[in-house]
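The values are calculated or read from the model by the stated rules, or taken from the named source; none is laboratory data. Keep in mind that what you see is a predicted model, and the values were worked out from it rather than measured. When we count neighbours, we look across all protein chains shown, and the Cβ atoms used for this are built from the backbone with ideal geometry, even at glycine. The accessibility values were calculated without ligands, DNA or RNA, using every heavy atom of the protein model including side chains. Shrake-Rupley method; radii C 1.70, N 1.55, O 1.52, S 1.80 Å.
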Amino acid sequence: MYKETILKKFEPRLDNILYILHELQDNNEQHYVSKEDLKLCADYLSVPYSFVHGVATFYTMFSLTPRGRNIIRLCDSPPCHLMGSGSLLDYLKNKLKIDVGETTKDGVFTLELTSCLGVCGVAPALMMNNATIGKLTPEKVDAILEERRKSL
Amino acid sequence: MTKEKKLSITIDNRTVEVRPHLTILEAARTHNIYIPSLCAMEHLPSYGACRLCVVEVDGLRGFPTSCTTPVEDGMVIRTDTGEIRTLRQEVLKLLLSEHPASCLFCTEQDECKDYQGTIRKAGVITGCRYCPNDTRCELQQVTERIGLTETSYPVYYRNFPVEKNDPFYDRDYNLCILCGRCVRVCNSVRLNGTLSFKQRGKITTVGPAFDRTHLEAGCEFCGACVTVCPTGALSTKTSKWYGKPDKEVATTCVYCPVGCTLKLQVRKSEVLDVLPDYNSALDHGFICVKGRFAVPEYVHSSFRIPVPQRITPLGYNDISWDEAIAEAAERLAGVKPDSFLMMVSPQLTNEDLFVAQQFARQIIGSDQIGSPLLYDLGADTGPFVNLVSQSSAFDVIDDAEAVLAIGFDSTYDYAPIGIGTKKAAQRGAVLVTINSCDTNLDMLSEMAFTCGTEKWSALVGLLTGASAQGAAPLFPTWKKDIAGIQGIFKKSTRKVIIAGPGLLAAPQRTEIIEKLLKVKEKGGWDIIVAHPYSNLKGMLAMGAFHGIKTGAIINENGQAEGVKGDLSKFDLTKGCTVIYAVGVSDLDSLPDCDYLIYQNALPSESQRRPDLLLPAALFTESSGTVINGEGRILPVNKAVEPYRSAKPDWWILNAIGERIKKGVMKYAQVQSVQKEIAKTIKGFPGVKKRLEFSRIDVKMKTPKGAPKMRKQGQFNYRGIPLEAVVKGMKAIEERIELISGSNRGAI
């Protein structure tokens, strides 16, 4: 089973907990850490289940609920906000018919907010999975979404 | 040992000498300098959450928190400057911006105090429903001390639902200030790990993973989190709103043979709550759910027998003590020694047990003294009491290299032994468990053997080297593991076996016990026995046991002579004229008789109806002593007056005995009983060190009508299952049932 292979990659030390959780999440088709994953991690590291749960809920990059194939993370830090990320958020919500933290019915997109991505020079910006895209306009957002849908 | 060099520091212009390795806060506290703090606590690791303990230190930037800054030689510290005071007020305001603060600033605060003590008070008078009103709110005290009378921030009410689903305590995380004391006590002191912070930011709460209840998450319900909580977020169900206790009485728990110190919180004639004693050398405050939560509901149960009662064709009639004593004496006078049977509970105090055996032997002239454990153990009683009398001190675990736990789980009982074992495993000792279901020690164990009880004997033999290697084919899958552990055990020198209550449910328990005794003798193992018969050692020492004289088993001079007991002629099935049951409630198992005296606090659940009911006082209502599992004499102290006309067991026995035969007992108070005991056990009850017990060799044969294996609740006091009177224990019994089926210590 792939999960055990992941665990074996790391020494059972507490400081590996974030690497393990990330790896488990990245290898999950639905981009989340499941209850079973947390349990496996807790058993592997010999720490209480509640501790791993506490870590996973503390960091926003982990999700405990299933997510879509593509994760949109729109920056809502002040520079992006000033450059209009607020209205972009409304646009995205309307277009995808979901709220922040939700997944589209077809399971293609999940919408999330994020803190500063460090590309304030090209604000407003978002991350589509691992790619950062700046100087957003509604048209550009449309194009990005279209491109992701096509690449399914 | 070289003496550690003391450090000289200056706190608030006072130069003081302190030990090294202290934090500034600890140093200040040892010199009675007050620094407010809500998260730091003795016995807990430093955390630095509340930020109230900030101080100024010369040479350090900003305002360090004194609970996380270690002292250094020559440090100059100021704890109470104007700037610090403003800073603390501001920090406290921020803390209170998420805490309903009406009770802290309410203008009717003083009047409110006068109304404390009625359940409806809070709601009716002030419209406030938060405070459990146990006057243990540290937040309130700190707010007063810091002198905050108003807050300039709007209060953000987090609107978490109050969690009331679990037994024993409620949780209202709207009052939580996230100091992390409960999380730390659960993880670093109790080594349980049920609690953790969940989420982040304003939605942070404390709890087990996901939305499981505490019961499902493996909470021990030790109540440590409730004890350390500085706010009203965690509160005991039974004692909240009762108000402030008048006094605190330290006593010894009689629910199991560990004998933890309990600090009873008493108001008028009621025990409201029980707190642990973190300074107790024996248990370090590691009390379990039974001691923490199961005392008040038991001792103040509404089912208690109020006055002596006599059976009539129409039911029970109340009678006076005089009539009751006269009737009992009349029935007992002239009864043939052979047709008398006295049944005593091993959960009575030494004094009660001593007077009971004197009653049987000197008043009636009979040696017919039995105990319910004969029903539980039958022909295995002999080896079992021998094992108990040779058990070691509990602290052998503290420096053990290898621990083998058989049928032992410390989730809901024997907590100090369990935590000692966990600590040993954490520091590197090899822990191996044998049980028929998962236990709370498995996570830290080198190997957990989970198998049916019928295989235990072979497994114990293999692991400890008590039997030849021949049984190995029984465990094909564990071949390697067993070999590995045999190797480790062979090499270790300080080895401990913990024999848990599960052992008593194993079919070959005698065989296992014999193996344990053998390896104790030859293999250098220490043995700790965790059994449900609290004062069994006291019972043996007092001689309240067929064929054993008072004090005979105490091995004062270290002569390993051994005592001979004889149960081979003792017949528990033969009909009697009179049976006298003291603290024993399984009446259906007793033989037939013409007259049955039932002396206990709560009515028996049996079908059989006793002829005379005598109300007895419980351990909170009478003084005495018990001898715990390691042989220490521990005091049981009276906290409240007995319920209605209840009397201590020794008093009742003494009164009836005096009526039958004058001049044998004549005990006016418990001290005179102790004086009598001191004639055989020197220095009783002031003996400081452990009493050494001799080997005991009880001649046995399988008793006629071999006693059946009884199936009943896990936890009993004086024969009454705790779950029958303590509501929360029922949930715990159900939980145990769910996890283990009927495997865990089923007697």
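Observations on the structure shown:
- Within the stretch B:198-212, the set of residues being assigned to a helix (DSSP H, G or I) and of a type in the set (A, V, I, L, M) comprises just one member, B:203.
- Screening the candidates A:39, A:3 for the property of being free of Cβ contacts under 8 Å to residues at least 60 places away in the same chain, within 14 Å of chain B (Cβ to nearest Cβ) and among the basic types (Lys, Arg) yields one hit, A:39.
- Filtered by the rule that a residue be in a strand (DSSP E or B) and touching an Asp or Glu at 6+ places or on another chain (Cβ under 6 Å), the stretch B:721-740 gives no residues.
- Residue check, residue B:368 open to solvent by 20 Å² or more (accessible area, probe 1.4 Å), closer than 17 Å to residue B:616 by Cα and more than 22 Å from the chain's Cα centre (by Cα): no
- Test: residue A:53 is touching a helix residue (DSSP H, G or I) at 6+ places or on another chain (Cβ under 9 Å), on the phi > 0 side of the Ramachandran plot and either open to solvent by less than 20 Å² (accessible area, probe 1.4 Å) or not hydroxyl-bearing (Ser, Thr, Tyr) (or both): no
- Screening the candidates B:373, B:377 for the property of being under 25 Å from residue B:624 (Cβ atoms), modelled with pLDDT under 95 and hydrophobic (A, V, I, L, M, F, W, C) yields one hit, B:373.
- Per the listing B:474, B:431, the residue uniquely closer than 16 Å to residue B:511 by Cβ and either assigned by TED's automatic domain parsing to the domain that holds residue B:527 or open to solvent by less than 30 Å² (accessible area, probe 1.4 Å) (or both) is B:474.
- The number of residues in the stretch B:248-260 that are closer than 14 Å to residue B:619 by Cα and open to solvent by 30 Å² or more (accessible area, probe 1.4 Å) comes to 1.
- Subset of the stretch B:379-406 that is assigned to a helix (DSSP H, G or I) and open to solvent by less than 10 Å² (accessible area, probe 1.4 Å) - its residue that is farthest from residue B:524 (Cα to Cα): B:381
- In the stretch B:195-221, the residue that is farthest from the other protein chains (Cβ to nearest Cβ) out of those that are buried (at least 22 other Cβ atoms within 10 Å of the Cβ) and under 16 Å from residue B:170 (Cβ atoms) is B:221.
- Scanning the stretch B:444-457 turns up no residue that is free of Cβ contacts under 8 Å to residues at least 12 places away in the same chain and open to solvent by 30 Å² or more (accessible area, probe 1.4 Å).
- Subset tally (residues that are at the interface with chain A (Cβ under 9 Å from one of its Cβ atoms) and not in a helix (DSSP H, G or I)) for the stretch B:168-184: 0
- Per the listing B:591, B:603, the residue uniquely over 27 Å from the mean Cα position of the chain (by Cα) and not charged (D, E, K, R) is B:591.
- Within the stretch B:516-535, tally of residues that are in a helix (DSSP H, G or I) and surrounded by 24 or more Cβ atoms within 10 Å (Cβ to Cβ): 1
- Every residue from the stretch A:104-139 that is within 16 Å of residue A:82 (Cβ to Cβ) and of a type in the set (Lys, Arg): A:135
- Matching helices (runs of 4 or more DSSP H) fully within the stretch A:1-48 where at least 2 residues are touching a strand residue (DSSP E or B) at 6+ places or on another chain (Cβ under 8 Å), farther than 28 Å from residue A:128 by Cβ and among the aromatic types (Phe, Trp, Tyr): none
- Verdict on residue B:662 being at pLDDT 95 or above and charged (D, E, K, R): no
- Of all residues in the stretch B:426-457, those satisfying the criterion of being of a type outside the set (S, T, N, Q), away from chain A (no Cβ under 14 Å) and in a helix (DSSP H, G or I) are B:454, B:455, B:456.
- Among residues that are touching a residue at least 60 places away in the same chain (Cβ under 8 Å), assigned to a loop (DSSP other than H, G, I, E, B) and closer than 27 Å to residue B:94 by Cα, residue B:215 is not included.
- When B:187, B:165 are screened for being within 14 Å of chain A (Cβ to nearest Cβ) and open to solvent by 20 Å² or more (accessible area, probe 1.4 Å), only B:187 passes.
- With respect to the conditions (1) more than 10 Å from chain A (Cβ to nearest Cβ); (2) surrounded by fewer than 18 Cβ atoms within 10 Å (Cβ to Cβ); (3) farther than 15 Å from residue B:171 by Cβ, residue B:245 falls short on a single one, namely (2).
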